Amino acid sequence: MRSTPNALLVQPRFPTPRKSKNHKDVLPIGLLKLGAWYKSRGWKVRLVHGNELLTDFEPDHILVTSLFTYWSEYVAEAARYYRSLFPRAKLLVGGIYASLLPEDCKRRTGADEVFVGVHPEAEKFEADYSLLDEELDYQILHASRGCIRRCKFCFTWKLEPEYKAVCSLDDRIHKNKVVLYDNNFLANPCINQLLEELAEVRVNQRVVHYECQSGFDGRLLTSKLSSLLKRARFINPRIAWDGRFAEVKRIHEQIELLMDAGYSSKSISVFMLYNWNISFNEMERKRLKCWEWKVQITDCRFRPMRQLYDRFNARKNQTVLDYFIHETWTDEQVKRFRKNVRRQNICIRHGLRFHSPILERKGLPKDEISYLKNAPIDMVRSRLTDAWFPSESQAI
Ligand code: SF4
């Protein structure tokens, strides 16, 4: 090893279409913290996305991160690539897939070490954003790890079994936009104090806006917390409705708490797990309720945590050989529900009664378009053969 050792951080090129590589949903925050930790020990650190031909940096350690198990092939491919480029370096793989299936990960990546769980030392460091190749206008933070719930379909509590939280974040905020990666932000025992603090933070004399990527545990929402969230400038609040239609009253009450605090209905989104043990027809009833409330839906297609592939393609007819299809669902239903949600969300965001690609492409004269927006359904259908009305159930 030379006097200054080198660590190469690798984010495999995951299939995240239409998102920049540093999109807030896929930022390799674990690698950025590890980078800070390595630097604190005197190492030189470089971060790469996907497979790059490096000629000016010879690593002693290669650290490959992983995400969902169904993207494991991208991890294995990146690990093999850098192993062949630098056969003498120590290869370490961590992240979600590595933690859930360490043996499979070791076998497929050829890693010298598979790291399970959160790195306790690196976790104490702030993410080093200077490792990225662009300056971001946001930063990622955690005020807590783990979750107090034990939802059957979720792996968070398996990866982070203990719920740990901090009561203050202000000395770690350097941007005017903060994305919180907490799994259950509201379960923080200091939540009131924390929200009051966040409301007062200023960066460059300007206020800070916050977004909770995983949404809020609606069961913990109260009138006071909703107001504190609004006062602290949390945007796009999301709650989850993963259970049965019978929960409709409780979900509606949670939405009303947010609206009473000042959030518009279209800024609120409801997470909905589908391709799971609630049938397509019941999911359609849930979708119709969200249409009635004029809130958006964030659809989450269920994939088992041990599924090693996912070649889902919304434009093709597919089978279980391509992606996981729950025994109570069909490929057609999965795609239809997903499409319905997307069309409904467009209508909610733009205040439309129906969705029509012909209309979107402005395939008719302007005055006819404005007439059709409020015309009777039959008239709309006779002119726009692709018109789809969210208010109509697609139950089959
Ligand atoms: S509340 Fe959310 S993060 Fe917590 S176990 Fe359930 S799904 Fe996972």
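The values are calculated or read from the model by the stated rules, or taken from the named source; none is laboratory data. Every value quoted in this text rests on a predicted model; they were computed, and no experiment measured them. Neighbour counts are summed over all protein chains in view; Cβ atoms, including those assigned to glycine, are modelled from backbone coordinates with ideal geometry. Only protein heavy atoms, including side chains, enter the accessible area calculation; ligands, DNA and RNA are left aside. Shrake-Rupley method; radii C 1.70, N 1.55, O 1.52, S 1.80 Å.
In segment 6-114, one over the average inverse separation of all distinct C-alpha pairs is 13.8 Å, which is the Kirkwood hydrodynamic radius.
Normalising by the residue count of segment 59-210, find the relative contact order in percent from Cα pairs under 8 Å and 6+ residues apart. Value for segment 59-210: 17 percent.
Solvent-accessible surface of segment 127-353, taken per residue with a 1.4 Å probe and all protein chains present: 48 Å².
The string of couplings for segment 76-92 from the Karplus curve (6.51, -1.76, 1.60, θ = phi - 60°) is 4, 5, 5, 4, 5, 4, 6, 4, 6, 6, 10, x, 8, 6, 7, 9, 10 Hz, one whole number per residue in order, with x for Gly and Pro. Only Cα pairs under 8 Å and 6+ residues apart enter the sum, and on that basis the relative contact order of segment 127-353 stands at 14 percent. Residues in segment 210-216 carry Karplus couplings, in order, of 10, 9, 9, 4, 8, x, 10 Hz; the curve used is 6.51 cos²θ - 1.76 cosθ + 1.60 with θ = phi - 60°, and Gly or Pro positions show x. In the calculated pair-distance distribution of segment 354-396, the portion above 11 angstrom amounts to 65 percent of the Cα-Cα pairs. Summarised in one figure, the compactness ratio Rg/Rh of the chain, Cα atoms and Kirkwood Rh, is 1.00. Estimated at 0.36 nm per residue, the fully extended path between residue 224 and residue 148 surpasses their Cα-Cα distance by 25.3 nm. Each 5 Å bin from 0 upward holds the following percent of the Cα-Cα pairs of segment 96-249: 1, 8, 15, 19, 17, 16, 11, 7, 4, 2, 0.
Note that segment 308-363 carries a Kirkwood radius of 13.1 Å, evaluated over its alpha carbons pair by pair. With both residues required to sit in the chain, DSSP beta bridges show an antiparallel share near 10%. Amide H contacts for residue 141 (H built 1.01 Å from N in the peptide plane; partners 5 or more residues away or on another chain; cut-off under 5 Å): 179, 180, 181.
About its Cα centre, the dipole of segment 29-106 is roughly 380 debye, where the only charges are +1 on Lys and Arg Cβ and -1 on Asp and Glu Cβ.
By the Cα gyration tensor, segment 251-324 has an equivalent ellipsoid whose semi-axes, rounded to whole angstrom, run 30, 13, 11 from largest to smallest.
Model label points for residue 265 and residue 116, set 7 angstrom from Cα along the Cα-to-Cβ axis, are 4.8 nm apart. Over segment 118-204, the Kirkwood radius and the radius of gyration, each from Cα atoms, give a ratio Rg/Rh of 0.99.
Amide hydrogen proximity for residue 234: with H placed 1.01 Å from N in the peptide plane, the residues at 5 or more positions away or on another chain lying under 5 Å are 210.
With the convex hull drawn over the C-alpha atoms of segment 195-320, the volume per residue is 159 Å³. Compared with the alpha-carbon gap, the fully stretched path from residue 137 to residue 23 is longer by 40.0 nm at 0.36 nm per residue. Does anything in segment 166-180 have its amide N under 19 Å from the 7 Å Cα→Cβ label point of residue 205, and if so which residues? Correct set: 174-177. From the alpha carbon centroid of segment 108-149 to that of segment 28-106 is 12 Å. Projected over every direction and averaged, the convex hull enclosing the alpha-carbon atoms of segment 127-353 yields 14.3 nm².
Not counting the cut sites, what is the longest span of the chain without GluC sites (Glu not before Pro) that DSSP labels loop and that have at most 10 other Cβ atoms within 10 Å? Within the chain, the longest run free of exposed GluC sites (Glu not before Pro) spans 163-326.
Taking every DSSP helix (H) stretch of at least 4 residues in the chain, weighting each as -39,500 (n - 2.57) and dividing the sum by the residue count yields a mean residue ellipticity at 222 nm of -9500 deg cm²/dmol.
May I ask for the percentage of alpha-carbon pairs in segment 133-183 that lie more than 14 Å from each other? That fraction is 59 percent.
The calculated FRET efficiency for residue 393 paired with residue 367, based on their beta-carbon distance and R0 = 41 Å, is about 0.80. Along the charge dipole of the chain, pointing to its positive end and built from +1/-1 on Cβ of Lys, Arg, Asp and Glu, which listed residue (179, 86, 347) has its Cα farthest out? Among 179, 86, 347, the one farthest towards the positive end of the dipole of the chain is 347. Roughly to the nearest percent, how much of the accessible area of segment 288-332 is carbon and sulfur, given a 1.4 Å probe? Of all accessible area on segment 288-332, carbon and sulfur atoms account for 50 percent.
Looking at segment 146-257, the DSSP beta bridges with both ends there are about 25 percent antiparallel. For residue 90, the amide hydrogen comes within under 5 Å of the amide hydrogens of 61, 62, counting only partners 5 or more places away or on other chains and with H modelled in the peptide plane. The relative contact order of segment 291-383, computed from alpha carbon pairs under 8 Å that lie at least 6 residues apart in sequence, is 23 percent. Considering only protein heavy atoms and a 1.4 Å probe, what is the carbon-and-sulfur percentage of the accessible area of segment 30-70? The computed percentage sits at 50.
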